Amino acid sequence: MARASIEVRDLVVRYGGVVAVRGVTFTVGAGEHLTLLGPSGCGKTTTLRAIAGLEKPASGEIRIGGTPVFSSAPNVNVPAERRGLSMVFQSYAIWPHMSVFDNVAYGLRVRKRPEAEVAARVREALDLVQLGELESRSASKLSGGQQQRVALARAFVFSPSVLLFDEPLSNLDAKLRAEMRVELKELQRRLDITSVYVTHDLEEALAISDRIVVMRDGGIEQVGSPGEIYDRPRNTFVADFVGSANLIRGRRRPDLERNGLVVLETPGGALVHGIALGRQVGPEALVAVRTVRLRLERARPATAVNAWPARIRQRVFQGDFTQYHVDWDGRQLIVRSAASDPMTEGDEVFVSADPRHCVLLEE
Amino acid sequence: MIDFERARSWRPGPRLVSMLVGGATAVLVLYPIAYLVQASLSVGDPQARPPEAYGLDNFVGLGRYAHIFGNTLLVAALATVLAVVVGFAMGWILSRTNVPGRAAFEQLMALPYYVTPLMGALAWALLASPNSGFVNQVWRALGGEGHLVDINTPWGIAWVMALFEGSVAFVMIGAVMKSMDPAMEEASQVLGAGRVRTMLRITLPLVLPGVLGAAVFVFAEMLGSFSAALVLGLPARFYVVTTAMYQLVSQYPPRFPTAAAMGVSLFAVMFTMVWIYRRIVSSGTYVTITGKAFRPRVMDVGRLRWPFLGVCIAYLGVAVILPVLTITYASFQHLTTAFPRAGNFTLVNYQTALSLDAVRSALGNSLLLGLATASIGVLLMGFLSWLIYRSRLPGAGVIEYLLMFPQAVPRLVFAFGMLWAWLIFPIPIYGTLWLLLIVYLTVFLPLGFRTISGVILQIDRSLEECAQMCGATWGYRLRTVTMPLLKPGLIAAWLLLFIASVRELGASILLMGPKAKVITPAIVESWFSTSTELTAAMALLQTLAVVAALLLLFAVARRAVQAGGE
C-alpha cells in the first residue's frame, strides 16, 4: 500500500464572492494522521474537499505524493476520481440501492479487479470492521453505526494512497461515537495509511491525531501535536475552543520575571506566573489556564508562586468531576476537580496553579 | 496510482455550457412569446406578416371586450374561492382529524386531477344543462317548472373548474398543515389557551401563507383555463379570455392582432399572479414550516368523524364518481336521458368511434406524441435538472427561471405565439406532429422539471461524490449510482408527461393540422358537431387507451427489469 504525503500551499477557495479558505499552507507526512479542527464555517471541510478534488480552489497548490494534483500556475486540476484518494463522508453516502457487499466492492469493480479478488478483499474489509455477516444485506436496512462501518470498509478496501474523513462520527450518538473513536484509531494504525480527518469535536481530534491543525475563518490558528494544542494554545481562540480554559488578563511585571517565567499583575493585584514560550506580547497580556489544571485546597499550599485565596460561589456536580465557580480577584474562575473531598458553597479556599500550566497567549 | 495524462484534457467550459443550454431554453420559451407580442402590436392589415405598422391600437381596442375580462375574473374568483374552501376542508379533515379511512382518501384525492376539466365539463353538461341535463329532466318529471340548475353559466364553469382544482389546492394546503410542528399548537394549549383560541391564534396564522399561496396559484391557473369554459360557455355565448381568443383566431377572417393583445394582457396578469405566488412561498412567514417531518397530531373529533367522512365522499362523488359514471352511461346510450330503458343501451357509439378513421388516427397520433414527449422530455428535463442542481453552472438560477416560465403562460396563449412563430419557420413543420411535439416539450417543461428536480434534490450529493472518490468516471457514476437512484422520479415524470400530452387541449386545438389530428381536440369537435353519446364514447376510449398504454409499458418494463436483474 502506497503511503503518500500531502502538501497544501497557499490554498484559497471561494464560493462566489465568499472566501471560504484564505491562503492555507500545511503538509501531511506519509503515514501521518492529521486532523483539521475548528468550528463550523472555519473552512476545514472545504480544505478537505479541495484535497479530494470535489472543490476547485481559486489558487494555490496541492501535491499528493510529490505530484501536483491542483495548481493555479501552471494550470493543473486532476479530477477527483484520478487522484487515488478515498473519503468517508459525514452522511456516510451509503448507496441505498445496493447490498452491503456491492457498496464495499464498488471501488474494486471500478478498478476492474477480478471478481474472485473482489470477493476476497471485500470479505476481509468487512471482517476488519466487524460486519462480516452482513454482506448480503440491503444497505438501506442498516443502523447508523453499521452504515458508518460500511462506509469505512468501502473507503479503504481498494488501498487508496490517502484516506480523507469528513466528520465521520458526527451523526452517531455520544456512546457509539466514543467507541468508534477507539476503533477508528486502531484501524488507522493497522492500515498504516496517510489520513486527513475533519472534525469540530475536540476529544475526537485529540484521540486520533498525530498532529492537529486548528482553523478559524478560513485560516490556520495553530498547528501542533494534540499535547501542544491542548497544553500550549497559541491564542484566545485556540485556548477557548480546545477545551475549557480560564483567561486571565494583567499588566506585565518585567521586574519580577525570572527563570524564564512571565509575570502578570491582575487588576485586583494578584500576581500570575506563567510560561512565555518565546511569545512576544505588549505591556498588557493574557494567560490561559485549563480548568482542570487549577487546584483547590483548604489550606495555603507550600508553593512559592501562583497560590491565591478565593471563595467557592457555586458547585456543580457533573459525575466524573465537580465544577466549581470560584470568586477570585473580583471575577470568577472555573475549576474542575475530580477530588473526592467536596468543597461547599461559601468555603474560603486557596486556588493554585503550576506556572507551567499558565500559558502566555498571543491574543 | 494516479493517472495524470488526461488531467489537462479539454472539457467544455462551464460558462459555454450554461450559455448554450440557457440560450436553447430561451429560444424554446421566449421565441413564441416574442411573436405573440409582435402580433399584438400589429396595427396594419391584420393578415400581413411581418406587421406593416406597430402601435397600441389593439390594446386600446380591448375596451370593447371589457365584459370578457370581467367574465374571466368572475369565473376565476368564484372557482378559486370554491377550490380553496374544498382544499382547506379536505386538507384539514385528512391531515388533522381521525376521520375513518384517512390514508385511502389521501391517495384518492389525486383522482379529481386525472379526471381533467374537459371530462368534468362534458359530464356536468350531461348532468346539468338547462334543457336536457339529467338533473333538470328529473326535476321536470317531478313536476318542476323550467330548470333547476344551469351549468352553462359562470357558476357552472366555476363549479367544474373548482372540482378539478380542489385537489390541487388540497395537495398544497395539506402539505402545509402536515409540515407544521404540532408542538406549536401544544405549546399554546400548555400555556392555557383553549382549542378554539389555539386554532385562531396559532394554527390559522401559521397555515395562512400556505392557503394564500394556494389561492393565488389556483387563481392564476383558472385565468388561463380553457376547456371547461369552452364546453360549457359556448352554448350560452359566455366567453372568457381564452375562449374569446380561440374564437377570434378560428373565425373567418381571423383577427390575430386582437387575439394577441388579449393573450398579452392575460399573460401579464398571470405572470404577476405567479410572481406574487412565488413571493408568498419564499417569504419569511413560511420559515415556521420547516422541511422536517413531524407526525401530524391527529385530533379526536368524536362523532363529527361521520359528517367529515360524508364531506370526503361527497367531494369525490361529485368530482370523480358522478362524472365518470355519467360519461360511461351516456356512451352506451342511443339517446341519453336520465331514465334508463332497456332498448336504449347500445354499443354503436364505440363501433362508430373505432370505425372512424379520424378518431383512430387521432388516438394513434396522441399516443405516439405522448410516447415521444415523455421519452424525450424525461431525457431533456432530467439533463436540465441535473445541470441546474448538480453541476454548479454559472447562471443556473436564470435558466431555472426560464424553464418555469411556461407555467405563467396559458397554453392556448403560448400556442398562439407558436402559431405565428413556426408559420414562418424555414422548415415546414407547421400542421405536423413535429410542431405539437415541440409545443408539448415546451409547455410541459415546468411539469417535468419540477418532478425530476424534486427527486434530484432528495438525493444527497455525497452519494455521487463518494462514487467519484472511489475512482468512478462520469459515465460510470451516472450508470451505477445516479440513474438507479433517480429511477422512481424519472418513471413518475415519464408517466405525468405521457398522460398530460395525450390529454392536452389548449395548445393542440390551435396547432394541430387537418392531416395530423390529436384526440382531445377531436373530442371537443365531436361534442359541438356530432352526438353527445359518440363524444362520451371517445372520451372514455381516450381514458382507456391511456390506461392500457400504461399497463402495457409497466408489464414491459417489469419484464425488462427482471431480465436485467438476474
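The values are calculated or read from the model by the stated rules, or taken from the named source; none is laboratory data. The structure presented is a predicted model; accordingly, all values stated were derived computationally and were not measured. Neighbour counts are summed over all protein chains in view; Cβ atoms, including those assigned to glycine, are modelled from backbone coordinates with ideal geometry.
Taking the condition within 14 Å of another protein chain (Cβ to nearest Cβ) and within 18 Å of B:PHE383 (Cα to Cα), does B:ARG479 pass? Yes. Quick check on segment A:110-118. Is at least one of its residues within 18 Å of A:ASP166 (Cβ to Cβ) and more than 9 Å from every other protein chain (Cβ to nearest Cβ)? No, every residue in segment A:110-118 fails to be within 18 Å of A:ASP166 (Cβ to Cβ) and more than 9 Å from every other protein chain (Cβ to nearest Cβ). Residues in segment A:135-150 that are surrounded by fewer than 20 Cβ atoms within 10 Å (Cβ to Cβ), among the small types (Gly, Ala, Ser) and touching a residue at least 12 places away in the same chain (Cβ under 8 Å): A:SER136, A:SER138, A:SER140, A:GLY144, A:GLY145. Scanning segment A:111-134 for residues that are in contact (Cβ under 8 Å) with a residue 24 or more places away in the chain, closer than 19 Å to B:ALA467 by Cα and either in a helix (DSSP H, G or I) or not basic (Lys, Arg) (or both) gives A:ARG121, A:VAL122, A:ALA125, A:LEU126. Can you find even one residue in segment B:175-182 that is touching a residue at least 40 places away in the same chain (Cβ under 8 Å), charged (D, E, K, R), within 26 Å of B:TYR277 (Cα to Cα) and not in a loop (DSSP other than H, G, I, E, B)? Checking segment B:175-182: at least one residue is touching a residue at least 40 places away in the same chain (Cβ under 8 Å), charged (D, E, K, R), within 26 Å of B:TYR277 (Cα to Cα) and not in a loop (DSSP other than H, G, I, E, B). Here the helices (runs of 4 or more DSSP H) wholly within segment B:420-501 that include at least 1 residues being polar (S, T, N, Q) and free of Cβ contacts under 8 Å to residues at least 40 places away in the same chain are B:445-458, B:461-469.
Looking at B:LEU82, B:LEU20, B:LEU16, just one residue is in contact (Cβ under 8 Å) with a residue 12 or more places away in the chain and either over 30 Å from B:VAL324 (Cα atoms) or of a type in the set (A, V, I, L, M) (or both), and that residue is B:LEU82.
Only one of the listed residues (B:THR346, B:THR336) is of a type in the set (Val, Ile, Thr) and under 32 Å from the mean Cα position of the chain (by Cα). That residue is B:THR336.
Any residue in segment A:66-85 that is among the hydroxyl-bearing types (Ser, Thr, Tyr), facing chain B (nearest Cβ under 8 Å) and over 19 Å from B:THR473 (Cβ atoms)? Yes, segment A:66-85 contains at least one residue that is among the hydroxyl-bearing types (Ser, Thr, Tyr), facing chain B (nearest Cβ under 8 Å) and over 19 Å from B:THR473 (Cβ atoms). When segment B:439-458 is limited to residues that are out of contact with any Gly (no Cβ under 9 Å at 6 or more places or on another chain) and surrounded by fewer than 20 Cβ atoms within 10 Å (Cβ to Cβ), the one that is farthest from the other protein chains (Cβ to nearest Cβ) turns out to be B:PRO446.
The residue that is farthest from the other protein chains (Cβ to nearest Cβ), counting only those in segment A:156-180 that are part of a strand (DSSP E or B) and closer than 14 Å to B:CYS466 by Cα, is A:PHE165. Taking the stated definitions as given, is B:ALA260 in the same structural domain as B:VAL81 (by TED's automatic domain parsing) and surrounded by 20 or more Cβ atoms within 10 Å (Cβ to Cβ)? Against the criterion (in the same structural domain as B:VAL81 (by TED's automatic domain parsing) and surrounded by 20 or more Cβ atoms within 10 Å (Cβ to Cβ)), B:ALA260 qualifies. Being part of a helix (DSSP H, G or I) and touching a Gly at 6+ places or on another chain (Cβ under 9 Å) is a property that does not hold for B:VAL196. Only one of the listed residues (B:LEU94, B:LEU126) is in contact with a Lys or Arg (Cβ under 7 Å, 6 or more places away or on another chain) and either over 29 Å from B:PHE219 (Cβ atoms) or assigned by TED's automatic domain parsing to the domain that holds B:TYR329 (or both). That residue is B:LEU94.
Taking the stated definitions as given, is A:ARG121 under 21 Å from A:ILE193 (Cα atoms), among the charged types (D, E, K, R), in the same structural domain as A:LEU169 (by TED's automatic domain parsing) and surrounded by 19 or more Cβ atoms within 10 Å (Cβ to Cβ)? Yes: the conditions hold for A:ARG121.
Residues in segment A:76-93 that are surrounded by fewer than 21 Cβ atoms within 10 Å (Cβ to Cβ) and either within 23 Å of the chain's Cα centre (by Cα) or over 22 Å from A:SER59 (Cα atoms) (or both) were compared, and the one that is modelled with the lowest pLDDT is A:SER91.
Inside segment B:233-282, residues that are in contact with a helix residue (DSSP H, G or I) (Cβ under 7 Å, 6 or more places away or on another chain) and of a type in the set (D, E, K, R) make up a count of 1. Checked against the criteria, A:GLU183 counts as closer than 16 Å to A:PHE156 by Cα, outside any strand (DSSP E or B) and in the same structural domain as A:LEU152 (by TED's automatic domain parsing). Of note, A:SER71 satisfies the criterion of being without any contact (Cβ under 8 Å) to a residue 40 or more places away in the chain and small (Gly, Ala, Ser).
Criterion first (modelled with pLDDT of 90 or more and either over 16 Å from A:SER195 (Cβ atoms) or more than 9 Å from chain B (Cβ to nearest Cβ) (or both)) does A:GLU135 satisfy it? Taking the combined requirement at face value, the residue does not satisfy it. Only a single criterion out of (1) out of contact with any Asp or Glu (no Cβ under 8 Å at 6 or more places or on another chain); (2) small (Gly, Ala, Ser); (3) modelled with pLDDT of 90 or more is not satisfied by A:SER352, namely (1).
Restricting segment A:94-104 to residues that are part of a helix (DSSP H, G or I), within 13 Å of chain B (Cβ to nearest Cβ) and within 32 Å of the chain's Cα centre (by Cα) leaves a set whose member that is surrounded by the most Cβ atoms within 10 Å (Cβ to Cβ) is A:VAL104. Within the set A:GLY107, A:GLY145, the sole residue that is away from chain B (no Cβ under 12 Å) and either outside any helix (DSSP H, G or I) or not charged (D, E, K, R) (or both) turns out to be A:GLY145.
Criterion first (β-branched (Val, Ile, Thr) and surrounded by 21 or more Cβ atoms within 10 Å (Cβ to Cβ)) does B:VAL547 satisfy it? Criteria not met by B:VAL547.
Only one of the numbered conditions (1) closer than 30 Å to B:LEU94 by Cα; (2) modelled with pLDDT under 90; (3) of a type outside the set (Val, Ile, Thr) is violated by B:ASN344, and that is (1).
For segment A:247-264, the criterion of a residue being without any contact (Cβ under 8 Å) to a residue 24 or more places away in the chain, in a strand (DSSP E or B) and surrounded by 14 or more Cβ atoms within 10 Å (Cβ to Cβ) is satisfied by at least one position. Within segment B:472-502, the only residue that satisfies the criterion of being surrounded by fewer than 24 Cβ atoms within 10 Å (Cβ to Cβ), touching a Ser or Thr at 6+ places or on another chain (Cβ under 9 Å) and not hydrophobic (A, V, I, L, M, F, W, C) is B:GLY489.
Residues that are assigned to a loop (DSSP other than H, G, I, E, B) and more than 14 Å from chain B (Cβ to nearest Cβ) were ranked within segment A:41-56; the one that is surrounded by the most Cβ atoms within 10 Å (Cβ to Cβ) is A:CYS42.
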